[in-house]
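These notes concern the structure reproduced below.
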Amino acid sequence: MNFPKELKYTSDHEWILVQGETALVGITDYAQSQLGEVVFVDIPTEGETVSQAEVFGSIEAVKTVSDLLMPVTGEILEVNPALESHPELVNQSPYNEGWLIKIRPVDPSETESLMSDEAYSELIGE
């Protein structure tokens, strides 16, 4: 499993990469492997501010549907447009082309409560 050091992780298997005033959010390599083949990503909250740990959408795999939870409180600025026609990018490239949303964090210090790559790796037993 791959867990980039520059990301922060949640116990619900989302990751966040803060880049100045904005941040990218996605699901981890572990999460996509557990879900299996992703066939649809539903994120109806674009333009809304969603609180930390609240549902911002769902991800559908062949055998299951899973809620997506916000790693930090933030305004959803953009949903990855590539996922509409290519949801498999979440499986193929969870940290790059398969990102889910771009947000503007309300309180960037909320990332301090998230896990490092080492802590996340311990959580899932890697």
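For region 54-64, a tally of residues being hydrophobic (A, V, I, L, M, F, W, C) and surrounded by fewer than 16 Cβ atoms within 10 Å (Cβ to Cβ) returns 2. Do any residues in region 98-126 that are under 12 Å from Leu7 (Cβ atoms) have Cβ atoms under 7 Å from those of residues that are part of a helix (DSSP H, G or I) and open to solvent by 70 Å² or more (accessible area, probe 1.4 Å), where the two are at least six apart or on different chains, and which pairs are they? Note: pairs meeting the criteria are Met115/Leu123. Ala82 fulfils the conditions (1) free of Cβ contacts under 8 Å to residues at least 24 places away in the same chain; (2) small (Gly, Ala, Ser); (3) closer than 19 Å to Leu123 by Cα except for a single criterion, (3). Filtering region 85-107 to residues that are touching a strand residue (DSSP E or B) at 6+ places or on another chain (Cβ under 7 Å) and more than 16 Å from Thr49 (Cβ to Cβ) leaves Pro87, Glu88, Val90, Asn91, Pro94, Tyr95, Gly98, Trp99, Leu100. Consider region 83-115 and keep the residues that are small (Gly, Ala, Ser) and open to solvent by 40 Å² or more (accessible area, probe 1.4 Å). The one that is nearest to Thr22 (Cα to Cα) is Ser109.
For region 8-42, residues that are buried (at least 21 other Cβ atoms within 10 Å of the Cβ) and assigned to a loop (DSSP other than H, G, I, E, B) total 3.
Within region 85-109, the set of residues being among the charged types (D, E, K, R), modelled with pLDDT of 95 or more and either within 23 Å of Gln34 (Cβ to Cβ) or over 12 Å from the mean Cα position of the chain (by Cα) (or both) comprises Glu88, Glu97, Arg104. Residues in region 8-51 that are aliphatic (A, V, I, L, M) and out of contact with any Asp or Glu (no Cβ under 7 Å at 6 or more places or on another chain): Ile16, Val18, Ala23, Leu24, Ala31, Leu35, Val41, Ile43, Val50.
The values are calculated or read from the model by the stated rules, or taken from the named source; none is laboratory data. These numbers were taken from a predicted model, which means no experiment stands behind them. A quick note on method: Cβ atoms are made from the backbone with ideal geometry, for glycine too, and the neighbour counts reach across all protein chains shown. For the accessible areas, the whole protein counts, side chains as well, though only heavy atoms, and no ligand, DNA or RNA atoms are used. Shrake-Rupley method; radii C 1.70, N 1.55, O 1.52, S 1.80 Å.
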